[in-house]
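A short worksheet on the structure shown next.
The values are calculated or read from the model by the stated rules, or taken from the named source; none is laboratory data. Since the model is a prediction, treat every value here as computed from it, not as a measurement. Ideal geometry is used to build each Cβ from the backbone, glycine not excepted, and the neighbour counts take in all protein chains shown. Calculation scope for accessible area: heavy atoms of the full protein, side chains included, ligands and nucleic acids excluded. Shrake-Rupley method; radii C 1.70, N 1.55, O 1.52, S 1.80 Å.
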Amino acid sequence: MTQTISLPRASSDGLTDAGATALLGGTVLANVIFGAATIVAPSVATEVGADAGAAGLFVALFSAGFAAVLVLGGRLGDRLGRRRLFRAGLVLLALTSLAVSLVPGLAGLLVVRAAQGVATGLLLPQALTTIQATTSGTRRTRLTSIYAAVLGVGTTVGQIGAGALAALGPSSWRLAFAAIGVLAIVVLCVTGLIPETRSPSEPGIDVFGSILLATAIVALLVPLGLGRSLGWPWWTAASLAASLLAAIVLTAWERRLPSHRALLPRDVLRTPMLRVGLLLTALFFTGYGAFVFLFSSTASARLGLDPLAVGISLAPFAGAFITGTLLSPQLAIRFGAPSLMRASAIVQAVALLAIGLMVWLEWPAPSMLGMQPALLLLGFAQALMYTPLIGTIMGSLPHELAGMASGLLATVQQAGLAVGVAVIAVLADVFSAAGGAGFAACLLLNVLLAIAFAVTAGRLRRLSPQ
């Protein structure tokens, strides 16, 4: 028997502009945190005496915690009340952000960073679902567009804001996370403006599946981040084996559950379009996380730029991404989404090769100004890869599967970010002695991911309705 998932309907209470502002204020914090962490990670590593792998883990564990509870958080909000979960996420986000600003050692920082990701994973699903449940027509379209733009702007705000604070002194990076904690408290104080909504049905909650997913991701990331600096002790192999075992058990467990309860519902995963979309999402965000971390850490730790300068150097890249996001619907209509995505992936590969070549040839003092054209092209191409992907995948699914598919795409997005950062951090440490050639070698991972994206997008073209 197939479980029907009811889409949220507009609430009679409605969502005021002030309530929408409160929702978006909480939403932007998620990407502010990711942007801030990529900029301050080298400063964190310097303070605690860690290598690039541990710095990557500081970034990646946030996305791991985020990915582990996204679907669970959405379903808890549907059952217990979305405003209630939004508030709970903000409380936990404030506490964990303040903890990051205070905890002294690497182990403690990694634990609270993962908890910070869990808090964001509880908070974020409630925002878009509340917008869908309490608005309709042009206002829903407008708020949804603002929601998407806010996510893009958040990364840039986090990079520049954290960079400005981290540039003040050796441990001043902690001020960035203290500020995020204060902002979470401010947003918490105005959540009374948000109407309470719930799902008309009782969604299933797969706690065990969420625990298995978190175990699989964290058990993979920790040995990748710490293994090389510790000489690959026995527990790193055990952890990798535990990750594989958790993934196997998760697969078996999900097959036993009815789709309305499963974390990875069979009804959704049977859809060929979605399977290809999930693969494309994983390829894209693995490359995105890897590039942002590699560029930021190299500019800071190897080229001597202060965190603020690193954030500013990435601002045009982010601006081009936002511009591409706004233009992509018209371009997708004109050229077709799969064709646009394939061409943009090839352009991304060319831009990455240009950046790698410039750094290699100009090492040890590559020109940040000279790299801006390639960075602009890269940001614009990435927007034209990802934005049409989401529209194509979600538009191809029946309405009753849209909510589950959205949760799966968001989970794969965060898992991809986590794995990309962790892997590129290890590679950057391995090739650190090679200077510019090492940077270019690491960037080849991104080029390969872009090529794989272009090839896979060809499958999407065959599946898309003509």
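Please give the per residue accessible area of the chain, computed with a probe of 1.4 Å over protein heavy atoms only, in Å².
Computed with neighbouring chains in place, this is 40 Å² per residue.
Give me Rg over Rh for region 403-448, both radii from the alpha carbons and Rh done the Kirkwood way, two decimal places.
My calculation of the ratio gives 1.20.
Roughly speaking, to the nearest percent, how much of the chain's 1.4 Å accessible area is carbon and sulfur?
70 percent
Considering the options 130, 38, 71, tell which one lies farthest towards the positive end of the dipole of region 36-168, charges being +1 on Lys and Arg and -1 on Asp and Glu at the Cβ, about the Cα centre.
Toward the positive end, the furthest listed residue is 130.
Checking a compactness column here: for region 256-342, what do you get for Rg(Cα) / (2.2 N^0.38 Å), N being the number of residues?
1.56
Given region 221-277 reduced to its alpha-carbon atoms as identical point scatterers, what log10 I(q)/I(0) does the Debye formula return at q = 0.13 Å⁻¹?
-0.52
Rg over Rh of region 88-154, using C-alpha atoms and the Kirkwood radius, what does it come to? Write out the running numbers ahead of the final one.
Numbers: Rg = 15.6 Å, Rh = 13.6 Å.
Looking at region 88-154, the ratio lands at 1.15.
Can you give the charge dipole size of the chain about its Cα centre, rounded to the nearest 20 debye, using +1 on the beta carbon of Lys and Arg and -1 on the beta carbon of Asp and Glu? Can you show the working numbers first?
Numbers: 26 positive and 14 negative charges, 230 e Å.
It comes to approximately 1100 debye.
Relative to the compact globular guide of 2.2 N^0.38 Å, what is the alpha carbon radius of gyration of the chain, as a ratio?
It is 0.93.
Quick one: order 76, 257, 175 from most to least accessible surface, probe 1.4 Å.
The ranking, largest first, comes out as 175, 76, 257.
When the helices in the chain are scored as -39500 (n - 2.57) per DSSP H run of 4 or longer and the sum is shared across all residues, what 222 nm value do you end up with, to the nearest 500 deg cm²/dmol?
Here the helix-only value at 222 nm equals -28500 deg cm²/dmol.
Rounded if a/c is under 1.5, else prolate if a/b is larger than b/c, else oblate: which is region 178-297, with a ≥ b ≥ c the root eigenvalues of its Cα gyration tensor?
Because a/c hits 1.5 or more and a/b fails to exceed b/c, region 178-297 counts as oblate.
Taking a cut-off of 16 Å, what percent of all Cα-Cα pairs in region 75-123 are separated by more than that? If you can, show how the numbers build up before the last one.
Working: 469 of 1176 pairs.
Everything past 16 Å amounts to 40 percent.
Could you work out Rg/(2.2 N^0.38 Å) for region 335-391, with Rg from alpha carbons only?
1.30
Sort 347, 268, 222, 111 by heavy-atom solvent-accessible area, probe 1.4 angstrom, most to least. Mind showing how you got there, number by number?
On the way: 347 55, 268 0, 222 35, 111 100 Å².
Result of the area sort, largest leading: 111, 347, 222, 268.
Distances over 14 Å make up what percent of all Cα-Cα pairs in region 265-308?
Tail of the P(r) past 14 Å holds 63 percent of the pairs.
Projected area of region 116-246, taken from the Cα convex hull and averaged over every viewing direction, in nm²?
Over all viewing directions, region 116-246 projects a mean Cα-hull area of 12.0 nm².
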